[in-house]
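A.B. asks: Here it is: the structure, laid out below.
Just so it is clear, none of the values below were taken in a lab; they were calculated from the coordinates. This one's a predicted model, so the numbers in the text were calculated from it and none came from an experiment. Note that each Cβ is placed from the backbone with ideal geometry, even for glycine, and that neighbours are counted across all protein chains shown.
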């Protein structure tokens, strides 16, 4: 499914975009890392992000049972969204970080292989979920998360993130609608 973008003239999202910083050759040579952490340090930007994400979720998914946050910045957004939406928050973490019985999946990301896990009892079969993270790039992380949610019997509805890198076409590889508030051109 294609990534959707924000309207062209949007002062709030322009402000959010102005806070994103780029770091060449991080975490490995050849990668241009887009850092959304400065947004989390700015309460005005966070208010804009949360309100836009809440609006998107409520317009497109009338009934959801859980917000699923991806390790690690999805953990910062997810509980805030789930509180407003009166649903549960479920983390998907890197291998070895969750106690109890977990389901896992190995996936490729921009610069290597990793393993994601979800606790087996975190979601019920049929639960409708929305994913949240800070950035969509190649789509490997989000694709793994949707696979995990399906493995435990829940239904992925959509994903929302702050930053999207549409040139990498990650949103087209996930299999659910992916909404990035701030799309960045390649090389930004």
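A.B. asks: Can you give me the Rg/Rh ratio for the chain, using Cα atoms for both radii and the Kirkwood formula for Rh? It would help to have the intermediate numbers written out before the result.
C.D. replies: On the way: Rg = 15.6 Å, Rh = 16.6 Å.
Taking Rg over the Kirkwood Rh, I get 0.94.
A.B. asks: Let me ask something additional. At 0.36 nm per residue, minus the direct Cα-Cα distance, what do residue 169 and residue 23 gain on full extension? Give it in nm, one decimal, please.
C.D. replies: Numbers: separation 146, 0.36 × 146 = 52.56 nm, distance 2.06 nm.
Length gained, residue 169 through residue 23: 50.5 nm.
A.B. asks: Name the residues of the range 106-133 whose amide N is less than 17 Å from a point 7 angstrom out from the Cα of residue 147 along the C-beta direction?
C.D. replies: Only 106-119 pass the distance filter.
A.B. asks: For labels at residue 61 and residue 106 in the simple 7 Å Cα→Cβ model, what's the distance in nm?
C.D. replies: Once both label points are built, they end up 2.9 nm from each other.
A.B. asks: Rounded to whole Å and sorted largest first, list the principal axis extents of the Cα atoms in the range 48-93.
C.D. replies: That gives 28, 23, 15 Å along the principal axes, largest extent first.
A.B. asks: To continue, here is another question. Ranking 18, 88 by Cβ neighbours within 10 Å, fewest first, what do you get? Provide the component values of the computation, followed by the final result.
C.D. replies: Details: 18 13, 88 18.
With the fewest neighbours first, 18, 88 line up as 18, 88.
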